[in-house]
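Structure first, then comments.
The values are calculated or read from the model by the stated rules, or taken from the named source; none is laboratory data. Given the structure is predicted, the values throughout are model-derived calculations rather than measurements. Cβ sites come from the backbone with ideal geometry, for glycine too, and all protein chains shown count toward neighbours. To get the accessible areas, we keep the full protein, side chains included, count just its heavy atoms, and leave off ligands, DNA and RNA. Shrake-Rupley method; radii C 1.70, N 1.55, O 1.52, S 1.80 Å.
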Amino acid sequence: MNQEKIGKFILNLRKQHKMTQKEFADKLNVTAQAVSKWENGRGIPDIEILQKISEVFNVNIDTILNGSRTKKKITKKNLVIITLFIFILGIIIYLLLAPNDYSFTDVTSASKEFNVRGVAAYSSDKNSIYISDIEYVKGEKEEKYIGMECILYESHNNIDEKVSQCGSLTKAKKNIAKTLSELLKETEFKVDNFSCTNNNIKNSNLYISINLLDTNNNITTYKIPLELTGTCN
C-alpha cells in the first residue's frame, strides 16, 4: 500500500472539491494537522475516516486505497455479453408485464466460414431474435470492400422472405474500404416481433445473406445458414 500515492489522491480530491484542509478536517471531525499528515504520505486514515472520505467525495474506499481511479476497457466480447443481457432483461420485463410461456434458444451456424452468436425467445404468440455477433473465420488475408448489406431471411416453400436488414450497398462509402471482419463488427440483428411461417420458430429455415461491394464495383455474396438449437433458459 503506497502511502504517498494515497495521500496525493486525497489531496487531489480535496482540491477538486475546492476545500481547504480545515474545511475538509471539519467535515471529518479531525484536525487539519491530520489531513496534512495524510496528504504528505506520512500516514493513512483509519477505516472509519476512510468511510467518511468515501461519503464526502462519493468514491469507493478501494479506489482511495488504490490511489487512482481505474478505467476498465470494455472489450467487444464484454459489449456483446452486456447487450445480450439487456436484450434478455427486456424479454423478462415483458414477461412480467404480459405473462407468456416463453422459451429461449441459441442462434448459431454450422458454416465453416462464419461463427454466429445470438439468442431467440419464443412463445405461443410472439417470437424475438437477437444476433449479436457474426465473425468471419476463413482466410488470413482479407479483401477490402466499400459497402455491405446483411439480410436475415426466412425460407419457406422455396420463397425467401426478408426479416431484417443491416447496411445498404446504395449507401456505400467509396472513400472508406474495410475488410469483411471489420464490417461485421458493426452488424447485429434485433427483431422484437418475428412473424415466422412455422408455429415454432425453432423449425424455421433462417439464413443470413451478406452482399459485399468491392472497389471495382464487383459484388461478392455469402450465405450463412442458421441453427436454433439448445436452450438458454
Can we say Q3 is in contact with a helix residue (DSSP H, G or I) (Cβ under 8 Å, 6 or more places away or on another chain) and polar (S, T, N, Q)?
-> no
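Taking only region 137-162 into account, find how many residues are open to solvent by 40 Å² or more (accessible area, probe 1.4 Å) and not acidic (D, E).
Residues meeting the conditions: 11.
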Out of (1) surrounded by 13 or more Cβ atoms within 10 Å (Cβ to Cβ); (2) at pLDDT 80 or above; (3) assigned to a loop (DSSP other than H, G, I, E, B), the one K112 does not meet is (1)
For region 29-36, state whether one or more residues are β-branched (V, I, T) and surrounded by 18 or more Cβ atoms within 10 Å (Cβ to Cβ).
-> yes
Does at least one position in region 72-88 carry a residue that is more than 20 Å from E186 (Cα to Cα) and at pLDDT 70 or above?
-> yes
So K22, is it part of a helix (DSSP H, G or I) and modelled with pLDDT under 90 | no
Restricting to region 168-190, what's the tally of residues that are over 17 Å from Y222 (Cα atoms), open to solvent by less than 80 Å² (accessible area, probe 1.4 Å) and at pLDDT 85 or above?
-> 1
Residue in region 140-166 that is modelled with the lowest pLDDT, counting only those that are within 15 Å of T220 (Cα to Cα) and in a loop (DSSP other than H, G, I, E, B) | E142
